[in-house]
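Written below as structure tokens is the structure these notes are about.
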Amino acid sequence: MATIYGYARVSTKEQREDRQLMAFSGMQLPEGNIYVDKQSGKDFERPMYKRMVRKMKEDDLLYIKSIDRLGRNYEEILEQWRLLTKEKKVDIVVLDMPLLDTRRGKDLMGTFLSDVVLQILSFVAENERKNIRDRQKEGIEAAKMRGVRFGRPESPLPDNFEQLSSRWLSGEISGKRAAEMCGMPLTTFRRRSAKQVES
């Protein structure tokens, strides 16, 4: 008898998988057959996914919320689809794309249509991720040009900083000595001194 599985993945430990799990309600999924990974795009080990795939056998059924849960890029999504449908011979239902339901059209035409739709959607999913990354990068660049600072705010300069910086710049004392008297690392002292000169 076929076993029904559900797979959900979120990209960070902070993200929640509730939306994906809600999509499984009404699918008669045994609770123990729902596998969830919290993995970033960089670290794509996905231990729960691998465990689930090892358990799967021919004619089992897998529900996923969206096609990009299978992989982080176009090639990976296609590879996982091929592994599951051709090697493991399991059925896949992509809940937000009813055309991707391998239970329908088991004939040659049905398989062909499913594969074509998959390739288009995988490309669209990867393209959208690339667009999001590009927009984030552009937003950060624009913010930097407006003077927005990223990262930890710099600590305030000690009261004696300007005087010691001037003495160092004039060669009166060494940078190391000036940095020690300011209570900061030498590299920080030099960088902050250079910034003072520029402004």
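The values are calculated or read from the model by the stated rules, or taken from the named source; none is laboratory data. Values in this document were obtained by computation on a predicted structure and should not be read as measured data. Methodologically, a virtual Cβ is constructed for each residue, glycine included, from the backbone with ideal geometry; neighbour enumeration extends over all protein chains shown.
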Handout entry: Count - residues of the stretch 70-82 that are outside any loop (DSSP other than H, G, I, E, B), under 16 Å from ARG9 (Cβ atoms) and of a type in the set (A, V, I, L, M)
Key = 1
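Please verify whether THR85 is in the same structural domain as ARG9 (by TED's automatic domain parsing), surrounded by 13 or more Cβ atoms within 10 Å (Cβ to Cβ), of a type in the set (Ser, Thr, Tyr) and modelled with pLDDT of 75 or more, treating the condition exactly as stated.
yes
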Problem - Any chance ILE64 is of a type in the set (Val, Ile, Thr), under 18 Å from the mean Cα position of the chain (by Cα) and at pLDDT 85 or above - result: yes
Completion exercise
Taking the stretch 164-181 and keeping only residues that are polar (S, T, N, Q) and either surrounded by 11 or more Cβ atoms within 10 Å (Cβ to Cβ) or under 42 Å from the mean Cα position of the chain (by Cα) (or both), one is left with SER165, SER166, SER174
Exercise for the section: Hey, could you check the stretch 130-155 for residues that are small (Gly, Ala, Ser) and farther than 24 Å from ASN73 by Cα and say which is nearest to the chain's Cα centre (by Cα)? Expected result: GLY151
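How many residues are modelled with pLDDT of 85 or more, over 25 Å from MET1 (Cβ atoms) and outside any loop (DSSP other than H, G, I, E, B) if we restrict to the stretch 31-51?
Within the stretch 31-51, residues that are modelled with pLDDT of 85 or more, over 25 Å from MET1 (Cβ atoms) and outside any loop (DSSP other than H, G, I, E, B) number 2.
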Fill in the blank from the handout: Selection over the stretch 52-69 where residues are touching a Lys or Arg at 6+ places or on another chain (Cβ under 8 Å) and outside any loop (DSSP other than H, G, I, E, B) yields a count of 4
Practice task
Within the stretch 140-176, track down each residue that is assigned to a loop (DSSP other than H, G, I, E, B), among the acidic types (Asp, Glu) and under 20 Å from THR187 (Cβ atoms).
Solution key: GLU154
